[in-house]
1. Go through (1) closer than 23 Å to residue 57 by Cβ; (2) touching a helix residue (DSSP H, G or I) at 6+ places or on another chain (Cβ under 9 Å); (3) open to solvent by less than 30 Å² (accessible area, probe 1.4 Å) one by one and return the number of the condition residue 11 breaks.
2. Scan the range 103-142 for residues that are open to solvent by 100 Å² or more (accessible area, probe 1.4 Å) and over 28 Å from residue 89 (Cα atoms) and jot them down.
3. Residues being touching a residue at least 60 places away in the same chain (Cβ under 8 Å) and open to solvent by 40 Å² or more (accessible area, probe 1.4 Å): count how many of those fall in the range 67-90.
4. From the list 113, 131, which residue is assigned to a loop (DSSP other than H, G, I, E, B) and hydroxyl-bearing (Ser, Thr, Tyr)?
5. Tally time: how many residues in the range 152-164 are open to solvent by less than 100 Å² (accessible area, probe 1.4 Å), at pLDDT 90 or above and either part of a loop (DSSP other than H, G, I, E, B) or of a type in the set (Lys, Arg) (or both)?
6. Say whether the condition of being free of Cβ contacts under 8 Å to residues at least 40 places away in the same chain and more than 23 Å from residue 19 (Cβ to Cβ) is met by at least one residue in the range 56-66.
7. Checking the condition more than 19 Å from residue 52 (Cα to Cα) and modelled with pLDDT of 95 or more, which residue from 112, 167, 149 passes?
Amino acid sequence: MIRPAAPADVPAIHAMIRELAEYERSLEEARATEEQLRDALFRENPAVFALVAEDDRSGEPVGFALWFLNFSTWTGTHGVYLEDLYVRPAARGAGHGRALLAELARLCVERGYERFQWWVLNWNEPAIGFYKSLGAEPMDEWTVFRLSGEPLRALAAGRAPGDPGDGEQPGRPGAL
């Protein structure tokens, strides 16, 4: 069964996020707390949403999909960006991952969204094979960029990463 996440699901979702981070060899980067997750998902106007896959027999959460809206200036429509999809190892092969993706695809079609996107690690061949079996196509011509930590703070302060000071520096990249 696939259903929208409820506040009572936060501990299970948080635990599965940590399991996913460990699988992706990045556990030390998974710093979000249950409180942050609860606030993000259940505030008055949430910007992020989650679906939960339940075990048919026990009713326990065995997987989740965490997603948010994006927007395409080319199509003029929203789309869904899937941040995380995870099914616990013991529950894999029972259709939970496919059901989570199908529910998000249904939501896209129902709401007129034209894109459903996500990232997958290049080494995660089982996931890549699964996604391709659904008709998903890799976006080989695009490279993902990320700005975080000190470089993010430096850009916000108008300086280059590693430069001391707190203002724009003429002649430096980013000085307008």
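1. Here residue 11 meets the rest and fails (3).
2. Of all residues in the range 103-142, those open to solvent by 100 Å² or more (accessible area, probe 1.4 Å) come to 106, 109-111, 114, 119, 122, 125, 132, 137, 139-142.
Across the range 103-142, the qualifying residues are 109, 110, 111, 114, 140, 141, 142.
3. Pass one, the range 67-90, residues touching a residue at least 60 places away in the same chain (Cβ under 8 Å): 84, 86, 88.
From what's left, open to solvent by 40 Å² or more (accessible area, probe 1.4 Å): 88.
So the answer is 1.
4. Details: 131 fails: assigned to a loop (DSSP other than H, G, I, E, B).
Going through 113, 131 in turn, the sole match is 113.
5. So in the range 152-164, the residues open to solvent by less than 100 Å² (accessible area, probe 1.4 Å) come out as 152, 154, 156-163.
Going one step further and asking which of them are at pLDDT 90 or above, we end up with 152, 154, 156-158.
In the following step, the residues that additionally are either part of a loop (DSSP other than H, G, I, E, B) or of a type in the set (Lys, Arg) (or both) were identified as 157-158.
Looking only at that region, the number is 2.
6. No, the range 56-66 has no match at all.
7. On the way: 167 fails: modelled with pLDDT of 95 or more; 149 fails: modelled with pLDDT of 95 or more.
It is 112.
The values are calculated or read from the model by the stated rules, or taken from the named source; none is laboratory data. Predicted, not measured: the structure shown is a model, and the values here were computed from it. Neighbour counts run over all protein chains shown; Cβ positions are idealised from the backbone, glycine included. Heavy atoms of the whole protein, side chains included, go into the accessibility calculation; ligands, DNA and RNA do not. Shrake-Rupley method; radii C 1.70, N 1.55, O 1.52, S 1.80 Å.
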